[in-house]
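Rule-based calculations on the coordinates, nothing more; no lab input. Worth saying up front: this structure is predicted, and the values here are computed from it rather than measured. No Cβ is skipped: glycine too gets one built from the backbone with ideal geometry, and neighbour counts run over all protein chains shown.
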Number of protein chains: 2
Amino acid sequence: MMRVLAGFVFFLLAGYVQAFDYLQPLPPVPPSPADNQPTQAKIQLGKQLFFDSRLSYAGRTSCNHCHNILAGGSDGRPLSIGDSGQANKRHTPSLWNVAYQSVYFWDGRATSLELALQEHLLQTHVMGMPNKNTLVGRLKAIEGYAKAYQQVFTTDLTFDGIAKALSAYIRTLITPNSPFDRYIRGDKTALTDKQQRGMTLFREAQCLACHFGINFSGPAPGPAMNMGDGFYELFPNYRGTVYEKRLKIADDLGRYTVTGDPGHKLMWRVPSLRNIALSAPYFHNGSADSLQQAVTVMAATQRQRTLTAKEVDLLIAFLNSLTGEYPSQTMPLLPPTPNKAVP
Amino acid sequence: MMRVLAGFVFFLLAGYVQAFDYLQPLPPVPPSPADNQPTQAKIQLGKQLFFDSRLSYAGRTSCNHCHNILAGGSDGRPLSIGDSGQANKRHTPSLWNVAYQSVYFWDGRATSLELALQEHLLQTHVMGMPNKNTLVGRLKAIEGYAKAYQQVFTTDLTFDGIAKALSAYIRTLITPNSPFDRYIRGDKTALTDKQQRGMTLFREAQCLACHFGINFSGPAPGPAMNMGDGFYELFPNYRGTVYEKRLKIADDLGRYTVTGDPGHKLMWRVPSLRNIALSAPYFHNGSADSLQQAVTVMAATQRQRTLTAKEVDLLIAFLNSLTGEYPSQTMPLLPPTPNKAVP
């Protein structure tokens, strides 16, 4: 179990432990698990699967439906509507740069991207597949997938492999060269004066206590950082603000809902701040519809601090410097089932 | 009003009226209306709009959601689910090559692609916009769209212009060089022997009576062919087959539902056969889930003919020769609304 203090410990360690460096540029290639190393063919297969609504039970939902790669990696809604036609319980975060998360889902219940995808495929309000075999059977009946899978994995199509191919594609979704990244790599002109003052305030207000590391979301996975079951923080940290009720922040008990451990009540995986300007609305319930509101609420609930309008403005300027470059991508063509409808 | 006989008239005329040539290859560039000539900037704007779910009221539906360009131009479902969460009344046809249709929607109620798009944006079970101003206001608030629109149309953003830009993009969705096209242009090796025998049967069984012209859907628009309100045929033509009840073919009265003219009962725009192998399920209600079933039903209901299994096989072989090349496309990046949620 991780505690609130963990953030401070890392903050203090940051000076000399390189791997924990609290402000880090985005590396161009993220780590992949030993049992799911990427190849071009695997990535291409995963990309097709990502855009294919046949992966959902009713055939009305692709991964891209909620995690829109053409936009900020989300769908801009407070809560997404999955294959069942029902809204999800929690807000859809951006998929860009998730390769650098230590755990997945707002409550961190998946310890790898592969496990997160396996769960998503079977969730009623996401892809809605009733069981693994239904999906495997459907994809096996699509000749293009059966062949591509065989070439990539040299076995018959499996549920695990589908999640692996999807993960391999998702790990390519990296947005490099944000003004912040260029600045921290040495180009001191990359940030405006206002953004630099915003960064100073970001440090001074101790936003970094939680939002540090490559993704501004705590430690990234890797051999130097064995986080066990992830890095979590309390939200709201200070109870009883005017925002708590208004935005229903504390209605969802976070990690407690999966572990049942009372110490996990209101504990959450720290969301990334990369491209945050492009992924409104905010919070686990999508209740803050502007960055201005999100910054104001976070200062109040996490630092018991009332920001001036000018301070909010500076922080927003800095947060906008975290918007990277979205690489141009070719649309995949999805393998057909000639002469017949979705199997 | 067009009558069943119209098809036969064109069939007879086909020999000497060039524009009505009953078997025609797909030209590389389709016609555009005089008031909506394409430019690269307009097409690019239309492409962004096409993939943008903010064009739907609840923000859960893009044009691509039902007309999946990455697949056959449809969603593979009998009936699509639009922004309201409710199923549409009629099946979603492919968008590829629709530039060559004379009228739009199954009942032909829209006499141009632009008018079809205007209606789609406001239909509850499609994009669900309550009125034109809601959409215009939303897109105007997205700086990238406001700017691009101004550059393309040199006016402020309007509802008509949105439909024009979308139409300009959709008219680029052309699938050239099918085996059939290569064959009819002179490459006699482009069709297999079986496909050639299928083509002979296609003529002999008079499928061409309705499925002729560039798109195998009757006359295409153009100065030589002023079809007025379109080209329609009766389906089912012969009543009382076993399929009529089983597939509920005659439950929807077709063009009659928009004109109220008793002569229009069960009259339908003739659907294109291009890429038909990739756009199952079939018919206005999506009730036929294989090409085998669709061919069998059509022969029975339109020609009062029971095909042998071998004949069905030959026709399917020919129909598979109508699958063209889907051009590679770059995914557009959608203009963001930095720091705030969908306006």
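Brief remarks follow.
- Neighbours of A:A168 by Cβ distance under 10 Å: Lys/Arg scored +1, Asp/Glu scored -1, total +3.
- DSSP-defined antiparallel bridges as percent of all bridges, the protein assembly as shown, nearest 5: 80 percent
- Relative contact order, percent, chain B [alpha-carbon distance under 8 Å, six or more residues apart]: 24 percent
- Stokes-Einstein D for the protein assembly as shown, Kirkwood Rh over Cα pairs, 4 °C, 1.567 mPa s (µm²/s): 48 µm²/s
- Inter-probe distance in nm under a simple model that places probes 7 Å from Cα toward Cβ, at A:Q329 and A:R303: 3.4 nm
- Averaged over the residues of A:48-61, the number of partner chain Cβ atoms lying within 10 Å of the residue Cβ comes to 3.
- Measuring spread by the Cα atoms of segment A:139-221 yields a radius of gyration and Dmax of 20.9, 58 Å.
- At q = 0.12, 0.13 Å⁻¹, base-10 log of I(q)/I(0) for segment B:46-156 (Debye sum, equal scatterers on each alpha carbon): -0.42, -0.50
- Treating each Cα of segment A:293-336 as one equal point scatterer and applying the Debye formula with no solvent, the log10 of I(q)/I(0) at q = 0.14 Å⁻¹ comes out as -0.51.
- Normalised radius of gyration (Cα atoms, divided by 2.2 N^0.38 Å) for segment A:133-285: 1.41.
- Exposed chymotrypsin sites (Phe, Trp or Tyr not before Pro) absent: longest stretch of chain A, with sites in DSSP loops and at most 14 other Cβ within 10 Å deemed exposed: A:17-237
- A cut-off under 15 angstrom between Cβ atoms defines the neighbours of A:K188, and their net charge, with Lys, Arg +1 and Asp, Glu -1, is +1.
- Of the residues B:D181, B:D289, B:D251, the one that moves most in a GNM of chain B with alpha-carbon contacts below 10 Å is B:D251.
- Phi-based couplings in Hz for segment B:329-340 (Karplus 6.51, -1.76, 1.60; Gly and Pro marked x): 10, 8, 5, x, 9, 8, x, x, 10, x, 6, 8
- Surface/4 of the Cα convex hull for chain B, nm²: 17.2 nm²
- Summing charges over all other residues whose Cβ lies under 13 Å from the Cβ of A:P179, with Lys and Arg as +1 and Asp and Glu as -1, gives +1.
- Between segment B:230-252 and segment A:42-76, the alpha-carbon center distance in angstrom: 36 Å
- Chain B - mean residue ellipticity at 222 nm from DSSP helices (-39,500 (n - 2.57) per run, n ≥ 4, rounded to 500): -9500 deg cm²/dmol
- Positive-pole candidate from B:Y243, B:A34, A:A110, dipole of the protein assembly as shown, charges at beta carbon: B:Y243
- Per the Kirkwood formula applied to alpha carbons, segment B:170-218 shows a radius of gyration over Rh ratio, Rg over Rh, of 1.02.
- Scattering profile of segment B:57-117 at q = 0.19 Å⁻¹ [log10 I(q)/I(0), Debye over alpha-carbon scatterers]: -0.75
- Averaged over the residues of B:75-81, the number of partner chain Cβ atoms lying within 10 Å of the residue Cβ comes to 5.
- Histogram of C-alpha separations across segment B:208-343, 10 Å bin width, %: 10, 32, 30, 15, 9, 3, 0
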